[in-house]
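A.B. asks: The following block contains the structure, expressed as structure tokens.
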Amino acid sequence: MKNDWPILQLTDQQEAFIGQVVLESLQDLKSQLKKPISYKDVLEKTVYKERGRIKKNPWKVDPEDEAKIWSAYKARLAKFYTSDLSSDELLEKEEALAKQIIGGYAREMIGNFNKQAYQRAIRVVPLFLNRILNGFQGRFLTGFFKKNYRLRDKIRLHGDFELYKSLDQKGTIVLLPTHFTNLDSMLIGFATYLTGLPPFLYGAGLNLFNNKIVGYFIDKLGAYKLDRRKKNPLYLTTLKTFSRVAISRGVHTLFFPGGTRSRTGALENKLKMGLLGTVLEAQRNNYLKTEQTKIFIIPLVVSYHFVLEAPALIRQHLKREGKEKLYLEKSPFGGFRNVTRFLYKFLSKGSDIVLSYGTPIDVFGHQINNKGESIDQNGQIVDIQKYFFDQGKISNDNQREAEYTKMLAEKLIEIYKKENIVLSSHLVAFTAFQIIKKRTKDFDLFNMMKIDEDTTAISYDLFTHKIEQLIDQMQKMSKAKELKLDEIFKYSAEQIIDQGLNNVGLYHSKKVLYKDRLGRINTDNMNTLYFYHNRLSGYNLEIHV
Amino acid sequence: MSDQRKIYGVMGAGSFGSVVANLISKNADVLLYTTRQDALINIEKGKPIKGVMLNKNVKATNDAALFTKTCKVIFPVLRSKDFRAKIKHLAKHLTSEHIIIHGTKGFDLLETNVDEIDKDFALDRSSVHTMSEVILEETCIKRVGCFSGPNLSSEINQGQLAGTVIASSFQQVQLEGKKALMSENFKVFFNDDIKGVEFTGVLKNIMAIASGAIHGLGYGENAKAMLISRGLAEMVWMGRILGFSPNAFLGIAGIGDLVATCSSEKSRNFTLGYNISKGKKVEKILSSMTDVAEGVGTVKVIHALANKYKFRAPISQTLFKILFEQMPIKEGIDYLMHFPLIKDVEFLKSEV
């Protein structure tokens, strides 16, 4: 039995934790190097990339003396290779520098979680939000805010929370959510609190810390910092090791396996293998230890009617047109004004958020029963430890673990589709986009974005008819457990359409979908319509429109 | 040299299963699992099964629990139509420690009755299961591999030179397979693309039927060589549409097996094509064959996949017409000869 929150050891045992990260990172690096071992390439690449980043892409959160530190590293490195050192001495010096850099990274990541601050923050979240609402009340239509809006009322949670709580006592939980908006971190942090689970350690983009308010909350809710600008080998190794060590030390962890926000608005259909792989490795490492702690994965799908960044995300996607370019990302939460405006929008009307926590699985994708045992597709208990066996005992085999990771990724993608709770707004966007697409000759997405009002207009009757067809199909799929439907789907098609139109991308400056003056369904922005439509892609629903 | 600690398992006491057991027995002891009473008795008495004499360190059992407890690396060599049922039967005895490397070429259609496939039938790739997919679907096993290649069992049994590909995404599985199978006259190659290897090993059956027909019609080696080249092109093309890289098709399990099968007059598929070309009625041949050639089912599957994904597979589709739509064989071969294709190696360059 655990008596306290596992996350606390990151502060209570900070030095031990960082020490382990440094040690294991170095081991990982070493195992990837060719013999004779030299860190020269890795160090040079890292120093070069870091100096480039500091020059080209500085952020507010970056420490002031950063440039100096890296210049000093550069000088030190240059000295290694100009002085007469024996190969052993050289290796020793290289390792010392690598350790120092890794240690620096680990310290930057670790954050400063403590119980009191967490409890304070979690109390402040709703107060803070209510305060914003009260502030607005004076300035907006009176009577609009008769109800006392609270964050709690806006968030609906689905899942077997009793089971999760029992697993909290039996092993380490890794929560793997889908990712649509920068709000996710804060929201899931708060939702986790509502579920009664202890706080999770989670990775949050360092860019979010550029904003003081958002930064304050995510920091206190248990974030460690990820910096997507740092794509050098030492940083990436440290990051993976950090995650693995945390999980392996029993810290409940959360990360977004998609790596970044969905640019298209679709559910994740490809996951990043790096971080996901740390879960597999952590499980193997646990079985090499005496405690043999089991890892439980809880997939989580978050459904929004409204994604603040939708216009920017879909624009990025369309610009890229499949070509992956490096993006210099700026925080979409510009300043206090933007944050408050968003939160006001979010809280003041309809725009509910639904979190669908899935059935827990082990790292091999088996379902977990209430005893924490793994159950295979035939209903038999599986002893997963032996998946790591070679010649009768546990072995370290990163190639094998990488294959297991791919299998886990496939499983997660499948689960996301099944756990996805379809909202009315997703359905109306999907239907409208498909109708327009199907009746337009030579449909070309990139030209569709500029077409005029009459071309996009859909008669209400046709729209309702298609919606009804889709509802029929989705009810069937829901019965077959291929997806989940929001509560509104118990009501009539008209009510679903009403709610959908009232909520889809509610506060974008250009309306996503509305009833125009002729009573037709229309859109002012094909881009965002496409974004919200995409949430239902991959279910082969097109054929029912 | 036998590994004292390790006993490998082989499932299936057919002629190829027995040959595989013998191959492995050169490296370690083997336990052969079969539920066929006659085979068990023969092995007990030291008599050959299906003409193959088993080596002394090959023992047999019909006890699934004992079999899976003894052997952690298992080689099923079963007929594809029995594969799912037999694996399912074993499933409750299998644990996460087991590794399975199968040697079965064929598809499993689970939801689809192959007799129902007519000329308009469209089949989704997800309804065509390879044997490794069957293993993953039916058991808790994750580490799966297959071995496939030009492995005519009679030649291997005589100790003639041969080789095979062990395909698995797991290096550990490849190495286990090699440890068991590799011997002086049996060379082992690795491939990471297990499904590509499985597919190519099945698709070549179609070409074997065509090869038999060409032979029967009196064409010579030039014609056969052309068939093999165009057959390969068709296989790669189909593979690419179904999502496989050409690599597996160009290796031992692809072109290697294709050449062997198209040249071997012993294979059932070849014989089927030969008999048709000699004027025997297709229905009669099909009903008289005790073991229907795998290629017949494969032709149907490919035809139905082509319907679904709208690709052209001239050789397979023409064979479908010959086998199931009363197209005279001469007309079919003529059609292929006049098929408007002039580019030689278009299948590697062009976009699918």
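The values are calculated or read from the model by the stated rules, or taken from the named source; none is laboratory data. Fair warning: this is a prediction, and the values are worked out from it, not measured in the lab. Note: ideal-geometry Cβ built from the backbone for every residue, glycine included; neighbour counts use all protein chains shown.
A.B. asks: Can you tell me which residue in the stretch B:85-109 is nearest to B:Ala167 (Cα to Cα), limited to those that are part of a loop (DSSP other than H, G, I, E, B) and either within 14 Å of another protein chain (Cβ to nearest Cβ) or among the polar types (S, T, N, Q) (or both)?
C.D. replies: B:Thr104
A.B. asks: What number of residues within the stretch B:185-218 are in contact (Cβ under 8 Å) with a residue 24 or more places away in the chain and outside any helix (DSSP H, G or I)?
C.D. replies: 10
A.B. asks: Of the residues that sit in the stretch A:6-41 and are crowded, with 20+ Cβ neighbours inside 10 Å and at pLDDT below 90, which one is farthest from A:Leu234 (Cα to Cα)?
C.D. replies: Within the stretch A:6-41, the match that is farthest from A:Leu234 (Cα to Cα) is A:Pro6.
A.B. asks: Pick out the one residue from B:Ile87, B:Ile99 that is surrounded by 15 or more Cβ atoms within 10 Å (Cβ to Cβ), assigned by TED's automatic domain parsing to the domain that holds B:Pro150, closer than 20 Å to B:Lys179 by Cβ and in contact with a strand residue (DSSP E or B) (Cβ under 9 Å, 6 or more places away or on another chain).
C.D. replies: Just a single option satisfies the conditions, and that option is B:Ile99.
A.B. asks: Tell me which residues, restricted to the stretch B:108-135, are aliphatic (A, V, I, L, M) and buried (at least 18 other Cβ atoms within 10 Å of the Cβ).
C.D. replies: Hits for the stretch B:108-135 are B:Leu109, B:Ile117, B:Leu123, B:Val128, B:Met131, B:Val134, B:Ile135.
A.B. asks: While we're on this one: Taking into account only those residues within the stretch B:68-84 that are charged (D, E, K, R) and within 14 Å of chain A (Cβ to nearest Cβ), which is farthest from B:Ser126 (Cα to Cα)?
C.D. replies: Applying the filter and picking the extreme gives B:Lys69.
A quick yes/no check of all residues on (1) surrounded by fewer than 20 Cβ atoms within 10 Å (Cβ to Cβ); (2) in the same structural domain as A:Ser303 (by TED's automatic domain parsing); (3) under 30 Å from A:Gln316 (Cβ atoms):
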residue: A:Tyr460; (1), (2), (3): yes, no, no
residue: A:Phe463; (1), (2), (3): no, no, yes
residue: A:Lys481; (1), (2), (3): yes, no, no
residue: A:Lys490; (1), (2), (3): yes, no, no
residue: A:Leu506; (1), (2), (3): yes, no, yes
residue: A:Ser509; (1), (2), (3): yes, no, yes
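A.B. asks: Quick one: B:Lys142 ticks every box in (1) within 12 Å of another protein chain (Cβ to nearest Cβ); (2) in contact with a Phe, Trp or Tyr (Cβ under 9 Å, 6 or more places away or on another chain); (3) at pLDDT below 95 bar one, so which box is it?
C.D. replies: Of the numbered conditions (1) within 12 Å of another protein chain (Cβ to nearest Cβ); (2) in contact with a Phe, Trp or Tyr (Cβ under 9 Å, 6 or more places away or on another chain); (3) at pLDDT below 95, the odd one out for B:Lys142 is (3).
A.B. asks: Condition first: at pLDDT below 95 and closer than 21 Å to B:Leu23 by Cβ. Now tell me which residues in the stretch B:79-103 satisfy that.
C.D. replies: B:Arg79, B:Ser80
A.B. asks: Follow-up. Taking the stretch A:1-45 on its own, how many of its residues are over 18 Å from A:Glu89 (Cα atoms) and within 29 Å of the chain's Cα centre (by Cα)?
C.D. replies: Looking only at that region, the number is 29.
A.B. asks: In addition: Out of all the residues in the stretch B:1-54, which are closer than 20 Å to B:Thr70 by Cα and aromatic (Phe, Trp, Tyr)?
C.D. replies: Within the stretch B:1-54, B:Tyr8, B:Tyr33 qualify.
A.B. asks: Pick from A:Gly372, A:Gly365: which is outside any helix (DSSP H, G or I), closer than 25 Å to A:Ile247 by Cβ, in contact with a strand residue (DSSP E or B) (Cβ under 8 Å, 6 or more places away or on another chain) and not polar (S, T, N, Q)?
C.D. replies: Answer to the check: A:Gly372.
A.B. asks: Take the stretch B:110-134 and flag every residue that is outside any loop (DSSP other than H, G, I, E, B) and either in contact with a helix residue (DSSP H, G or I) (Cβ under 6 Å, 6 or more places away or on another chain) or within 12 Å of chain A (Cβ to nearest Cβ) (or both).
C.D. replies: Hits for the stretch B:110-134 are B:Val114, B:Ser126, B:Met131, B:Ser132, B:Val134.
A.B. asks: Would you call A:Val382 in contact (Cβ under 8 Å) with a residue 24 or more places away in the chain and among the β-branched types (Val, Ile, Thr)?
C.D. replies: Spelling it out, it is not the case that A:Val382 is in contact (Cβ under 8 Å) with a residue 24 or more places away in the chain and among the β-branched types (Val, Ile, Thr).
A.B. asks: Taking the condition of being aromatic (Phe, Trp, Tyr) and either over 18 Å from A:Tyr202 (Cβ atoms) or in a helix (DSSP H, G or I) (or both), how many residues in the stretch A:100-122 meet it?
C.D. replies: 2
A.B. asks: Sticking with this one: Here's a check for you: in the stretch B:163-176, which residue that is crowded, with 20+ Cβ neighbours inside 10 Å and among the hydrophobic types (A, V, I, L, M, F, W, C) is nearest to the other protein chains (Cβ to nearest Cβ)?
C.D. replies: Only one residue fits best here, namely B:Phe170.
A.B. asks: Out of the residues in the stretch A:372-418 that are charged (D, E, K, R) and exposed (fewer than 14 other Cβ atoms within 10 Å of the Cβ), which is nearest to the other protein chains (Cβ to nearest Cβ)?
C.D. replies: Once the filter is applied, the top-ranked residue is A:Asp383.
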